Amino acid sequence: MRENRLVTITQLSTFVLVARLGSVGAAARTLDVSESAVSQALTARCAPTSAIRSSGAPAAVGCV
């Protein structure tokens, strides 16, 4: 059976926040959670195929 590899809204919004703020630490402080929680949200079940473009805009998000 094929595994569900969709990105959740929480994962996507966390990814966008990290991209906008420029770091996992800044996103964690904004969300009032640990850096570990942010990292886990980004890597749970599905990981972004690319991190942040040099412009600071999020690149394509998908599963690896």
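Just to be sure, is S54 among the hydroxyl-bearing types (S, T, Y) and at pLDDT below 90?
Numbers: among the hydroxyl-bearing types (S, T, Y): yes; at pLDDT below 90: yes.
Judged against the criteria, S54 is a match.
What are the pairs with Cβ atoms under 7 angstrom where one residue, in segment 1-16, is of a type outside the set (S, T, N, Q) and surrounded by 11 or more Cβ atoms within 10 Å (Cβ to Cβ) and the other, located anywhere, is part of a helix (DSSP H, G or I) and modelled with pLDDT of 80 or more? Sequence gap at least six, or different chains.
Pairs that qualify, where the first residue is of a type outside the set (S, T, N, Q) and surrounded by 11 or more Cβ atoms within 10 Å (Cβ to Cβ) and the partner is part of a helix (DSSP H, G or I) and modelled with pLDDT of 80 or more, are F15/L42.
Among the helices (runs of 4 or more DSSP H) contained in segment 2-44, which hold 2 or more residues that are among the β-branched types (V, I, T) and touching a helix residue (DSSP H, G or I) at 6+ places or on another chain (Cβ under 6 Å)?
In segment 2-44, the matching helices (runs of 4 or more DSSP H) lie at 9-21.
The values are calculated or read from the model by the stated rules, or taken from the named source; none is laboratory data. Not measured: the values here are computed from a predicted model. Virtual Cβ from ideal backbone geometry, glycine too; neighbours counted across all protein chains shown.
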